[in-house]
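The structure appears below as structure tokens.
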Amino acid sequence: MTSVIDPKTIGKPARPRRHIRTLTGYTPETDDSGKEKWPRGDESVWKEALRSVNTDVPSITKSIVNHVQTSLARQAYNLDDLGAYQAAALSVRDDLILNWNDTQIHYTQKTPKRAYYLSLEFLMGRTFDNALLNLGLKDQYREGITKLGFNMEDLLEQERDAALGNGGLGRLAACYLDSSASQELPVWGYGLRYQYGIFQQLISPEGQQLEQPDPWLAGGENPWELPRLDVTYEVRFYGTADRLPGGRALWHGGQEVLAVAYDVMVPGCYTKNTNNLRLWESKPKRGFDLNSFNAGDYEHAVESSNSAAAITSVLYPNDHTTFGKELRLKQQYFWTAASLADIVRRFKNIAKPFSEFPDYVAIQLNDTHPTLAIPELMRILVDEEEIPWGKAWDIVTNTVFYTNHTVLPEALEKWPVPLMEHLLPRHMQIIYDINLSFLQAVEKKFPGDRDRLARMSLIEEGFPKQVRMAHLACIGSRKVNGVAELHSELVRTTILKDFVEFEGLSKFSNVTNGITPRRWLDQCNPELSALITKTLEVDKSVWLKDLERLKELLPYAEDAAFRKEWAAIKQRNKERLAHHVETTLGLTVNTNAMFDVQIKRLHEYKRQTLNILGVIHRYLGLKQMSAAERKKVNPRVVFFAGKAAPGYYIAKLTIRLIVNAARVINADPDTRDLLTVYFLPDYSVSLAEVLIPSSDISQHISTAGTEASGTSNMKFCLNGGLLVGTVDGANIEIAEAVGENNVFFFGHLTPAVEDLRYQHMYRPVPVEEKCPALANVLDKISSGMFGDGEVYEPLLNTIRQGDFYLLTDDFDSYIGALDMVDKAYLDKEEWIKKSIRTTANMGKFSSDRAILEYAESFWSIEPIKVP
Ligand code: NBG
């Protein structure tokens with residue numbers, strides 16, 4: 001049969017296709033008496049064959065072996081750890097699918113209001129262990145795996161991290177998914193299925209960061225996702241938008257690509273509820289661009305099919321910077337368009353008028369990356385559903401919510417108008433239309449205030465003009481929030497001040513970030529989790545879902561036997577980390593020393609540089625001491641880990657300095673029992689899971705007012721590590737919760753920062769005068785103590801001149817704080833008490849609390865338990 005295409009239809013938007021659902025959403029029909037009808041075949045034969053989750057060891061081993069035989073086509077003779085992991089993972093996947101299916105059907109039947117979390121990044125890490133713990137099947141699987149002749153820990157190590165994120169923002173999204181499922185909330189995530197996640201970091205012999213692609217899907221099938229080749233949408237780029245009468249427009253021509261869904265199962269903790277993370281992959285539409293194909297331009301057609309596949313090929317590895325790259329904007333539109341098409345389709349299935357859309361749908365924008373959801377929803381409502389502009393705007397602004405994750409100017413997204421006009425002509429029209437009525441309203445409230453209009457406009461004047469995405473996200477949303485108290489205050493008083501004055505304070509609020517205690521305590525620190533369960537005398541599912549229960553540990557700080565157990569667990573976690581370093585890097589770590597950890601993206605504002613300069617200062621001090629003096633010193637091991645954006649020259653120099661300083665310091669026989677430094681390459685979620693439980697102290701030392709929240713600070717404290725930090729982000733709330741005497745604060749406060757920067761600029765004081773100790777460290781680096789000093793000049797000059805991140809202002813008090821740490825650590829019993837009290841007071845920082853705040857205060861959704 002030949003297919004015939006009407007040439008007139010080429011390049012025109014297709015008529016909306018009725019979506020045929022095959023896997024999710026089927027609901028039973030009822031007969032005349034209202035009884036559910038069995039859809040086909042013999043009901044009893046079906047029911048006999050249906051299975052439920054395998055919970056006993058024999059059915060688990062049976063299922064694993066079945067996958068060895070069939071899915072892997074292997075036998076006991078040729079099964080290695082990787083194969084055994086794959087078979088076990090497929091077996092767990094089967095169980096997850098059962099729960100997932102029941103959950104989706106239940107939601108479809110009950111039609112609750114749902115929330116959709118749109119995030120360009122989901123930093124999930126490994127799934128196997130987490131799934132087993134949430135299903136409550138870890139012990140059974142361990143037993144089964146042992147009986148089959150394998151070791152659980154070895155199999156867990158086989159899994160590759162799903163690293164579809166840069167750092168905190170993506171990991172937060174992953175924690176929120178876990179909490180949504182665990183709290184039985186109908187929440188779906190939407191993201192992109194990148195072929196390459198965050199790059200792998202290698203360190204060259206000179207100490208340079210090198211980047212290598214992360215083909216995380218290359219190992220074959222990913223058991224944690226379900227390809228949904230039947231769920232596809234067409235997404236258009238470029239072309240022309242012709243305005244029609246009545247405010248509508250027809251957008252046609254250009255390039256059309258296909259979005260294909262991959263569903264990732266997100267199991268809740270000790271509940272059947274298993275939510276969905278839908279990731280989109282781009283594919284060429286019918287393999288070719290029909291426009292070019294029809295015009296006889298075969299080569300261009302093939303080229304454009306490559307460019308379709310490129311859209312979801314790689315995660316952009318920049319954290320806190322934007323580059324205005326066309327492909328990045330394509331990613332953003334591709335993902336929001338596919339997600340909205342899917343959301344609208346699901347809404348239309350329940351056959352309600354669009355005026356009720358906000359009663360069924362809440363859309364959360366994770367930072368400005370998905371802001372195009374606002375004009376895209378307007379386009380769908382106005383152009384496709386023929387809803388009048390004003391009504392459509394009401395629907396949008398009652399559906400969308402926006403979370404801001406940074407006030408750093410370099411991270412606030414702006415897109416050049418010419419690029420937008422070219423790539424998304426219809427959206428640019430919509431943005432202009434929104435802007436006009438918005439500015440008219442502002443003018444009405446503040447007549448004649450032209451500066452204000454210029455400041456608030458969605459369009460920033462300049463060459464080229466730029467679209468300010470944060471402004472669009474703000475005016476298109478029902479609520480705007482920051483991620484910690486201080487940060488939300490800064491959002492209200494700095495970047496969105498004008499909007500607060502125009503729209504009123506009540507639209508702007510705060511939801512302090514949280515972390516999931518399932519992964520960040522139960523999974524990464526099983527011994528501590530077991531001790532807590534034993535001590536609280538409740539099932540662990542209880543306190544893991546109600547983290548405030550940790551408060552009940554407080555009295556045990558006074559119990560010497562409990563303290564001993566607590567300290568022994570910390571010690572074993574230190575040994576676990578030491579073992580990891582030994583096996584991966586071949587280095588021996590002194591586990592009798594204090595472990596001091598700073599792990600996060602490399603960024604000037606996070607001030608890893610301050611840390612390494614402090615380490616060098618300590619080293620120089622040790623070198624000057626007599627043997628007797630050294631005996632009194634508290635031995636310390638300092639760990640660093642983190643990736644720098646590939647184009648971030650200064651951050652890469654910091655890595656180089658850390659690596660080379662470590663080399664010199666660790667080799668010095670005078671000091672190496674007292675101070676060693678490690679840079680652990682290729683930081684990941686899995687590496688964090690080993691590092692975090694082992695810390696005595698961790699460092700969160702950003703310049704005041706720059707770190708929106710931070711979430712690793714919460715993870716360390718939950719695991720009984722003490723915090724060294726500046727008065728910034730969530731550090732402040734952590735100190736409030738655990739007590740200021742249990743944290744080590746230093747540095748200037750946020751209100752002082754602007755003045756200090758002014759001083760640096762207009763009344764500079766040489767570092768030699770201002771901070772001689774720091775000047776001495778800088779001199780030693782320049783003079784070649786850690787290899788060619790010239791190499792580091794650009795880094796050192798950022799401190800000597802301008803010093804935007806205030807290292808010269810904070811260095812002395814930083815060293816002072818570390819001295820306090822040394823003193824406090826001498827009193828071991830008191831230290832352990834601090835550690836216990838810290839953990840006990842971390843209940844607030846569960847992501848369950850955070851997600852419930854979103855659900856109740858913003859989305860108005862309720863838990864819905866799957867029976
Ligand atoms: C980051 C902030 C962190 C915060 C996470 C999660 C961006 C743009 N922001 O402080 O820097 O913890 O978001 O909210 O990645």
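Quick grid of which residues meet (1) within 16 Å of the ligand (Cβ to nearest atom); (2) open to solvent by 10 Å² or more (accessible area, probe 1.4 Å); (3) assigned to a loop (DSSP other than H, G, I, E, B):
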| residue | (1), (2), (3) |
| --- | --- |
| 710 | yes, yes, yes |
| 715 | yes, yes, no |
| 720 | no, no, yes |
| 724 | no, no, no |
| 732 | yes, yes, no |
| 736 | no, yes, no |
| 745 | no, yes, no |
| 748 | no, yes, yes |
| 757 | no, yes, no |
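Residue-wise test of (1) outside the structural domain of residue 648 (by the TED database); (2) among the aliphatic types (A, V, I, L, M); (3) under 23 Å from residue 427 (Cβ atoms).
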{"site": "169", "(1), (2), (3)": "yes, yes, no"}
{"site": "179", "(1), (2), (3)": "yes, no, no"}
{"site": "214", "(1), (2), (3)": "yes, no, no"}
{"site": "232", "(1), (2), (3)": "yes, no, yes"}
{"site": "241", "(1), (2), (3)": "yes, yes, yes"}
{"site": "254", "(1), (2), (3)": "yes, no, yes"}
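What number goes with the only condition from (1) modelled with pLDDT under 95; (2) closer than 30 Å to residue 646 by Cα that residue 580 does not pass?
(1) is the only condition that residue 580 fails.
What about residue 758, is it free of Cβ contacts under 8 Å to residues at least 24 places away in the same chain and aromatic (Phe, Trp, Tyr)?
Working: free of Cβ contacts under 8 Å to residues at least 24 places away in the same chain: yes; aromatic (Phe, Trp, Tyr): yes.
It is true that residue 758 is free of Cβ contacts under 8 Å to residues at least 24 places away in the same chain and aromatic (Phe, Trp, Tyr).
Which one is nearest to the ligand (Cβ to nearest atom), of the residues in segment 487-509 that are open to solvent by less than 60 Å² (accessible area, probe 1.4 Å) and out of contact with any strand residue (DSSP E or B) (no Cβ under 9 Å at 6 or more places or on another chain)?
The selected residue is 495.
As an exercise: evaluate residue 115 against (1) farther than 29 Å from residue 199 by Cβ; (2) in contact with a Gly (Cβ under 9 Å, 6 or more places away or on another chain) and give the number of the one condition it does not meet.
Answer for residue 115: the failing condition is (2).
Tell me yes or no: at least one residue of segment 434-444 is in contact (Cβ under 8 Å) with a residue 12 or more places away in the chain and not in a helix (DSSP H, G or I).
Within segment 434-444, not a single residue is in contact (Cβ under 8 Å) with a residue 12 or more places away in the chain and not in a helix (DSSP H, G or I).
Every residue, every condition in (1) at pLDDT 95 or above; (2) open to solvent by 20 Å² or more (accessible area, probe 1.4 Å), yes or no:
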residue: 214; (1), (2): no, no
residue: 231; (1), (2): yes, no
residue: 239; (1), (2): yes, yes
residue: 249; (1), (2): yes, no
residue: 269; (1), (2): yes, no
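For segment 134-155, give me the residue count where each residue is open to solvent by 20 Å² or more (accessible area, probe 1.4 Å) and at negative phi.
13
If we scan segment 189-204, do we find a residue that is out of contact with any Lys or Arg (no Cβ under 8 Å at 6 or more places or on another chain), closer than 30 Å to residue 541 by Cβ and outside the structural domain of residue 682 (by the TED database)?
Within segment 189-204 (the criterion being out of contact with any Lys or Arg (no Cβ under 8 Å at 6 or more places or on another chain), closer than 30 Å to residue 541 by Cβ and outside the structural domain of residue 682 (by the TED database)), the answer is no, since none of the residues qualifies.
With the condition kept exactly as written, say whether any residue in segment 672-680 is surrounded by fewer than 21 Cβ atoms within 10 Å (Cβ to Cβ), over 20 Å from the mean Cα position of the chain (by Cα) and free of Cβ contacts under 8 Å to residues at least 40 places away in the same chain.
Within segment 672-680, one or more residues are surrounded by fewer than 21 Cβ atoms within 10 Å (Cβ to Cβ), over 20 Å from the mean Cα position of the chain (by Cα) and free of Cβ contacts under 8 Å to residues at least 40 places away in the same chain.
Out of (1) away from the ligand (no atom under 16 Å from the Cβ); (2) within 30 Å of residue 675 (Cα to Cα), what's the single condition that is false for residue 539?
(2)
I'd like to verify a number: residues in segment 832-854 that are open to solvent by 10 Å² or more (accessible area, probe 1.4 Å) and either polar (S, T, N, Q) or without any contact (Cβ under 8 Å) to a residue 40 or more places away in the chain (or both), how many?
Going through segment 832-854 one residue at a time, the tally reaches 1.
Going through segment 510-529 one residue at a time, which ones are open to solvent by less than 50 Å² (accessible area, probe 1.4 Å) and assigned to a helix (DSSP H, G or I)? Give the steps one after another, and end with the answer.
Step one: filter segment 510-529 for residues open to solvent by less than 50 Å² (accessible area, probe 1.4 Å), giving 510-525, 528-529.
517, 518, 519, 520, 521, 522, 523, 528, 529, listed by residue number.
Step by step: first the residues of segment 510-534, then only those that are in contact (Cβ under 8 Å) with a residue 60 or more places away in the chain and among the charged types (D, E, K, R), then the one that is nearest to the ligand (Cβ to nearest atom). Which residue is that?
Filtering segment 510-534 for residues that are in contact (Cβ under 8 Å) with a residue 60 or more places away in the chain and among the charged types (D, E, K, R), the one nearest to the ligand (Cβ to nearest atom) comes out as 519.
Every residue in segment 614-656 that is under 28 Å from the mean Cα position of the chain (by Cα), more than 13 Å from residue 676 (Cβ to Cβ) and open to solvent by less than 40 Å² (accessible area, probe 1.4 Å), please.
Once the filter is applied, which keeps residues that are under 28 Å from the mean Cα position of the chain (by Cα), more than 13 Å from residue 676 (Cβ to Cβ) and open to solvent by less than 40 Å² (accessible area, probe 1.4 Å), segment 614-656 yields 641, 642, 643, 644, 645, 650, 651, 652, 653, 654, 655.
Could you say whether any residue in segment 213-227 is in a strand (DSSP E or B), away from the ligand (no atom under 16 Å from the Cβ), without any contact (Cβ under 8 Å) to a residue 40 or more places away in the chain and under 24 Å from the mean Cα position of the chain (by Cα)?
Yes, there is a match, as at least one residue in segment 213-227 is in a strand (DSSP E or B), away from the ligand (no atom under 16 Å from the Cβ), without any contact (Cβ under 8 Å) to a residue 40 or more places away in the chain and under 24 Å from the mean Cα position of the chain (by Cα).
Residue by residue through segment 823-867, note down the ones that are on the phi < 0 side of the Ramachandran plot and of a type in the set (Ser, Thr, Tyr).
Within segment 823-867, 825, 835, 838, 839, 846, 847, 854, 857 meet the criteria.
Pairs under 6 Å by beta carbon, first residue outside any helix (DSSP H, G or I) in segment 479-507, partner among the β-branched types (Val, Ile, Thr) and within 15 Å of the ligand (Cβ to nearest atom), six or more apart or different chains?
Taking only residues 6 or more apart or on different chains, the pairs are 481/403; 481/511; 482/491; 484/512.
Rundown of residues vs (1) surrounded by 23 or more Cβ atoms within 10 Å (Cβ to Cβ); (2) polar (S, T, N, Q), yes/no style:
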| site | (1), (2) |
| --- | --- |
| 313 | no, yes |
| 317 | no, no |
| 336 | yes, yes |
| 347 | no, no |
| 352 | no, no |
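Which residues, counting only those in segment 187-204, are over 20 Å from residue 275 (Cα atoms), part of a loop (DSSP other than H, G, I, E, B) and of a type outside the set (Ser, Thr, Tyr)?
Residues satisfying the conditions are 195, 197, 198, 199.
Taking the condition of being hydrophobic (A, V, I, L, M, F, W, C), more than 15 Å from residue 770 (Cβ to Cβ) and open to solvent by 10 Å² or more (accessible area, probe 1.4 Å), how many residues in segment 805-831 meet it?
Residues of segment 805-831 hydrophobic (A, V, I, L, M, F, W, C): 806-807, 811, 815, 817-818, 820-821, 824, 826, 831.
Still in the running and more than 15 Å from residue 770 (Cβ to Cβ): 817-818, 820-821, 824, 826, 831.
The next check asks that each one be open to solvent by 10 Å² or more (accessible area, probe 1.4 Å); those that pass are 818, 820, 824, 826, 831.
The qualifying residues number 5.
Please identify the pairs in which a residue from segment 149-173 that is aromatic (Phe, Trp, Tyr) has its Cβ atom under 8 Å from the Cβ atom of a residue that is part of a helix (DSSP H, G or I) and buried (at least 20 other Cβ atoms within 10 Å of the Cβ), counting only partners at least 6 apart or on another chain.
Filtered contacts from segment 149-173: 150/84.
Sort through 767, 727 and tell me the only one that's more than 32 Å from the chain's Cα centre (by Cα) and either more than 30 Å from residue 523 (Cβ to Cβ) or assigned by the TED database to the domain that holds residue 604 (or both).
767 is the lone residue from the list that is more than 32 Å from the chain's Cα centre (by Cα) and either more than 30 Å from residue 523 (Cβ to Cβ) or assigned by the TED database to the domain that holds residue 604 (or both).
Give segment 564-593 a look and list any residue that's touching a Lys or Arg at 6+ places or on another chain (Cβ under 7 Å) and in contact (Cβ under 8 Å) with a residue 60 or more places away in the chain, or say none.
Correct list: 593 only.
The values are calculated or read from the model by the stated rules, or taken from the named source; none is laboratory data. The structure presented is a predicted model; accordingly, all values stated were derived computationally and were not measured. Cβ coordinates were reconstructed from backbone atoms using ideal geometry, including for glycine residues, and neighbour counts include every protein chain displayed. Keep in mind that these areas ignore ligands, DNA and RNA; they rest on the heavy atoms of the full protein, side chains included. Shrake-Rupley method; radii C 1.70, N 1.55, O 1.52, S 1.80 Å.
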